[in-house]
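Q: Here it is: the structure, laid out below.
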Amino acid sequence: MIRFFYSLLVYFLLPFTVIKLIYRSFKQPDYLKHWSERYGFYSTSTKKIWGKRKTFWIHAVSVGETKAAIPFIKLFLKKYPHYHLLMTHGTPTGRATSIDIKNVRVTRIYLPFDTVDATQRFLNTFKPELGFLLETELWFNLIHQAHKKSIPLYLVNARLSEKSFQLYKKISLLIKPSLQELKGVLAQTTNDAKRFETLGARGVEVMGNLKFDVEPPRDTNIQSTALKKHLRLKNQSVLLIASSRQDEEEIILQSLLKLQIKNLVTIFVPRHPQRFKEVEWMLKKYRVSFIKRSDTKITAKPYQFILGDSMGEMYSYYSLANIALMGGTILPYGGQNLIESMAMKVPVILGLHTYNFHDISNEAIRLGAGIRIQTLDQLEKVLPEMLKSSSQLKMKKACDDMIKKYQGATLKMLNKIKSRI
């Protein structure tokens, strides 16, 4: 009964999704593309083609989930050469994220909105034999329709923050039946597993975090060398403000302008590309000396700041950095992925707000790969200490040790499907 009222609500809200897509297209025009997929409509030829295929399906809503899935995708394609891999996404940036895999057996589309009709058309068209939903993608009609069609569906790399857990407890009448219709939940940590079990999930296991298995692109060193030359960086110390969020750049900039650290260059890389112009205006407002990654010609004059207004170069930015201050942790956004930074042996500074990466953040601090600050005023003491050669050596080793310690989730995930397909 509760799912019936949920479905009514989804149908009621469906017309507003058109407005939402158009609104988002003002900043990201790609939101105007592939609407038929978002509403679960597919051509006759698509239905005919996929009706003959053996299909495995993985849903990676956006950039982080897509990147996390790459090691698994590579192993899957190698181990199961007769299968096609269907990847579904929820955002244009997720769909556009490079997976560094050129294979005709990989198809990427949008997952439809969670109406009964759309999810039925999706499953009837692509007929997956097995599906993985990454992290916390609980779409109740989708899960129910897969269950009715006896399609095993797993929630993998699953995480559930304490904040989300408290919210889900309030709607347990909706959450519990859906969790129990899943074939299993492969959680990132013991704490995540306990929360899912408390909500009623069955078949809960701890698998670790796929993001520890992600390797930097093969050409990272070549690309970072070219980037360093383009930006005219030489012997400066580099602070990377990684994946910063709305309003964070300005308060971080205000704090940095109070510091007296010689030979320090700060690179701002906003989390969302549609905010590049906004951050550029902010830098101009404060009349600081800065350049942009997109500048075609950069002179040799001194500058304090760089705006990393490019996509797909995050590993190269990390390669240039001595320290990374993780975006989303200064204001209450929950934090961004610090594992990429540690994979590049770049120690991290974290603010108070790390609930999206709670266990990983605490472990990084415990092992010495990161430091937490209570306020930005602490940068005055923390930055000079972290930039010391002895500190750099020690913290870089801690980053490397942590990555090696927690690798292996990809193989656990692959082993889970051995008896299913």
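Coordinate-derived values only; no laboratory data. Keep in mind that this is a model prediction, so the values were computed, not measured. Cβ atoms come from the backbone with ideal geometry, glycine included; neighbour counts cover every protein chain shown.
Q: When the chain is treated as a GNM, springs tying every alpha-carbon pair under 10 Å, which of Tyr83, Tyr406, Tyr42 comes out with the largest mean-square fluctuation?
A: Tyr42
Q: Related question: Give me the one-decimal nm value for the distance between modelled label points at Thr296 and Gln274, 7 Å along each residue's Cα-to-Cβ direction.
A: A separation of 2.8 nm, rounded to one decimal place.
Q: In addition: Tell me the relative contact order for the range 190-268 as a rounded percent, counting alpha carbon contacts under 8 Å between residues six or more apart.
A: Taking the mean separation of contacting Cα pairs over the length of the range 190-268, I get 29 percent.
Q: Which residues in the range 115-157 have a backbone N closer than 13 Å to a point placed 7 Å from the Cα of Leu14 along the Cα-to-Cβ line?
A: Residues 115-122 fall inside that zone.
Q: List the residues, sorted by chain then number, that are 5 or more residues from Val206 or on another chain and whose placed amide H is less than 5 Å from its amide H.
A: Residues meeting the criterion, in which the H sits 1.01 Å from N, are Ala187.
Q: Given the rule -39500 (n - 2.57) for each run of at least 4 DSSP H residues, summed and divided by the residues of the chain, what is its mean residue ellipticity at 222 nm, to the nearest 500 deg cm²/dmol?
A: So the helix-based figure for the chain works out to -13500 deg cm²/dmol.
Q: Then there is this: Cβ under 13 Å from Tyr42's Cβ, Tyr42 left aside: what net charge do those residues give with Lys, Arg +1 and Asp, Glu -1?
A: Result for the local shell: +3.
Q: While we're looking at this one, here's another question. Please work out the Cα center distance from the range 316-369 to the range 109-173, rounded to the nearest Å.
A: Each part reduced to its Cα centre gives a spacing of 29 Å.
Q: How large is ³J(HN,Hα) for each residue in the range 99-111, as worked out from phi by the Karplus curve 6.51 cos²θ - 1.76 cosθ + 1.60 (θ = phi - 60°), to whole Hz, x for Gly and Pro?
A: Rounded to whole hertz, the list is 9, 6, 9, 9, 8, 5, 8, 10, 10, 10, 9, 8, 6.
Q: A further question follows. Got the relative contact order for the range 268-421 handy, in percent, Cα pairs under 8 Å and 6 or more residues apart?
A: 17
Q: If you build a Gaussian network model of the chain, linking Cα atoms that sit under 10 Å apart, which residue out of Ser361, Ser341, Ser294 swings the most?
A: Fluctuation is largest for Ser294.
Q: Going by average Cβ neighbours within 10 Å, how do the peptides 319-327, 397-405, 17-25 rank, with the highest at the top?
A: Highest mean packing first, the order is 319-327, 397-405, 17-25.
Q: Lys169: which lysines have alpha carbons under 19 Å from its alpha carbon, excluding same-chain residues fewer than 8 sequence positions away?
A: Counting by Cα, and skipping residues close in sequence, Lys169 has these lysines nearby: Lys194.
Q: Something else about it: What list of ³J(HN,Hα) values in whole Hz, one per residue of the range 169-178 in order, does the Karplus curve 6.51 cos²θ - 1.76 cosθ + 1.60 (θ = phi - 60°) give from phi, with Gly and Pro shown as x?
A: Here the 3J(HN,Hα) series is 4, 6, 10, 4, 5, 8, 5, 4, x, 5 Hz.
Q: Treating only the Cα positions of the range 162-304 as identical point scatterers, give the base-10 log of I(q)/I(0) from the Debye formula at each q in 0.21 Å⁻¹.
A: Debye intensities relative to I(0), on a log10 scale: -1.28.
Q: Which aspartates and glutamates, if any, have their Cα less than 20 Å from the Cα of Lys149, not counting same-chain residues under 8 positions apart?
A: Answer for Lys149, where 20 Å is the Cα cut-off: Asp114, Asp117, Glu129, Glu137, Glu181, listed by chain and number.
Q: In addition: Could you list the trypsin sites (Lys or Arg not before Pro) in the range 114-195 that lie in coil according to DSSP, counting only those with at most 16 other Cβ atoms within 10 Å of their Cβ?
A: Those satisfying the criteria are Lys149.
Q: Here is a further query. Taking H as built 1.01 Å from N, whose amide H comes closer than 5 Å to the amide H of His59, not counting residues under 5 places away?
A: The answer is Thr88, Phe132, Leu133, Leu134.
Q: What full-extension length gain, to one decimal in nm, is calculated for Glu215 and Asn235 as 0.36 nm per residue of separation minus the Cα-Cα distance?
A: Full extension of this stretch gives 4.5 nm more.
Q: Note down the relative contact order for the range 141-195 as a percent, whole number, built from C-alpha pairs under 8 angstrom at least six residues apart.
A: Answer for the range 141-195 is 50 percent.
Q: Shifting gears a bit: Of the residues Ala300, Ala364, Ala226, which exhibits the maximal mean-square fluctuation in a Gaussian network model of the chain defined by a 10 Å Cα contact cut-off?
A: Top of the fluctuation ranking is Ala300.
Q: I would also like to ask the following. If you scale each eigenvalue of the Cα gyration tensor by 5 and take the root, what three semi-axes come out for the range 311-373, rounded to whole angstrom and sorted largest first?
A: Whole-Å semi-axes of the equivalent ellipsoid: 18, 13, 9.
Q: Would you please state which residues of the range 80-122 a label at Glu129 would reach in this model, taking the label point 7 Å out along Cα→Cβ and a backbone N cut-off of under 18 Å?
A: 80-87, 105-107
Q: Scan around Leu240 for amide H atoms under 5 Å from its own, H built in the peptide plane at 1.01 Å from N, and keep only partners 5 or more places away or cross-chain.
A: Distant-sequence amide H within range of Leu240: Ile267, Asn322, Ile323, Ala324, Leu325.
Q: Run the numbers for Lys74 and Ser43: contour at 0.36 nm per residue of separation, minus the present Cα-Cα distance, in nm.
A: 8.3 nm
Q: Ordered by residue, what ³J(HN,Hα) values in Hz, to whole numbers, does the range 33-45 give under the Karplus form 6.51 cos²θ - 1.76 cosθ + 1.60, where θ = phi - 60° and Gly and Pro are x?
A: 9, 6, 5, 4, 5, 5, 10, x, 10, 9, 6, 4, 5
Q: My understanding is that a pair violates if its Cα-Cα distance is over 24 Å; which of Lys234/Lys405; Lys211/Lys284; Lys52/Lys79 do that in this structure?
A: From the list (Lys234/Lys405; Lys211/Lys284; Lys52/Lys79), the Cα-Cα distance tops 24 Å for Lys234/Lys405; Lys211/Lys284.
Q: What FRET efficiency, computed as 1/(1 + (r/R0)^6) with R0 = 35 Å and r the Cβ-Cβ distance, is obtained for Leu414 and Lys149, rounded to the nearest 0.05?
A: 0.90
Q: If you average over every viewing direction, what projected area does the convex hull of the Cα atoms of the chain give, in nm²?
A: Mean shadow area of the hull around the Cα atoms is 20.8 nm².
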